[in-house]
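Worksheet: one structure, shown below.
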Amino acid sequence: MELPITGHTKLTALLGKPVAHSLSPLMHNEAFHLLGLDYVYLCFEVDETSLPDVVKGLRFAGIRGFNLTMPNKNKIMELLDELSPAAQMIGAVNTVVNEDGKLVGHNTDGTGFMRSAADAGFKLKGKTMTLLGAGGAATAIAAQAALDGMEEIRIFVRSTSRFYQRISRLADTISRTTNCRAFICDNDDQKALRRSLDDSHILVNATSVGMEPHTDASLITDPSWFHRELAVADIIYEPRRTKLLSLAAYAGCPVMNGLYMLLYQGAEAFRLFTGCEMPTEPIKEKFFSK
């Protein structure tokens, strides 16, 4: 039996645009049901323009917490009272917890990606990553991969990106404070990108290129750029097989989409919201089976 909405029900939510495709409400609400928690999780279509007003309203309405997806992971930082150490290092937030009126920002994307990569059998410690993108997910993945023992990360980003300075600072921080070397590369330098793939162990697309409705788009269009020892991950999960992943699979590469990254970053957000561990196995079986 589903739990009823009561006068004590705590609200959690996802803010982003688009969000209609999101699996987050299904997995969070199922977890609440399985654990008998009086919570509900909803989606709201919110972009950077409307985000300040929405967050102000949710704060005063007493929301327990909320997640952020594109395009809100950077703008939200201006609107919070406190950041976790990980969020400060990454420079982006995907989870906010309301602690008695104080909004505290966290980032669970990096841990979600690394746990999903381990699930896929990708052994990344001491290896080289080529990373496409400079937004909130890219920074989280780079930071967590460095902390988890990646040897080298090459981050491809446009020099005109509004996130260029932030990702450059992160690369410098990674190189200074961890055992990982991080470099910024020009996204438009196709020769450099191909050379990077030649000796990389994993390619990660952390951009929105290939997401619904633009499913014919890919930052790499030639399958000869891939080699069989290259694992290819795309943080997009709708569609589940992007054009990038299709090309990589055709070339014989092991591939991974963003489904389990969503699951595991959500599990950490769930713990922050409720203080309980999300029962990931039944949720994986119900909503994430291939």
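The residues of the range 237-259 that are buried (at least 23 other Cβ atoms within 10 Å of the Cβ) and modelled with pLDDT under 95 amount to a single one, 258. At least 1 residues being touching a residue at least 12 places away in the same chain (Cβ under 8 Å), of a type outside the set (Phe, Trp, Tyr) and touching a strand residue (DSSP E or B) at 6+ places or on another chain (Cβ under 6 Å) is the threshold, and among the helices (runs of 4 or more DSSP H) wholly inside the range 190-290 those reaching it are 190-198, 243-250, 259-274. On the basis of being touching a helix residue (DSSP H, G or I) at 6+ places or on another chain (Cβ under 6 Å), surrounded by 13 or more Cβ atoms within 10 Å (Cβ to Cβ) and not in a loop (DSSP other than H, G, I, E, B), does residue 14 make the cut? Taking the combined requirement at face value, the residue satisfies it. Restricting attention to the range 73-102, the residues that are of a type in the set (Val, Ile, Thr), in contact with a strand residue (DSSP E or B) (Cβ under 7 Å, 6 or more places away or on another chain) and crowded, with 22+ Cβ neighbours inside 10 Å total 4. For the range 19-34, the set of residues classified as in contact (Cβ under 8 Å) with a residue 60 or more places away in the chain, surrounded by 15 or more Cβ atoms within 10 Å (Cβ to Cβ) and not in a helix (DSSP H, G or I) consists of 23 only.
The values are calculated or read from the model by the stated rules, or taken from the named source; none is laboratory data. Bear in mind the structure is a predicted one, so any value in this text is a computation, not a measurement. Methodologically, a virtual Cβ is constructed for each residue, glycine included, from the backbone with ideal geometry; neighbour enumeration extends over all protein chains shown.
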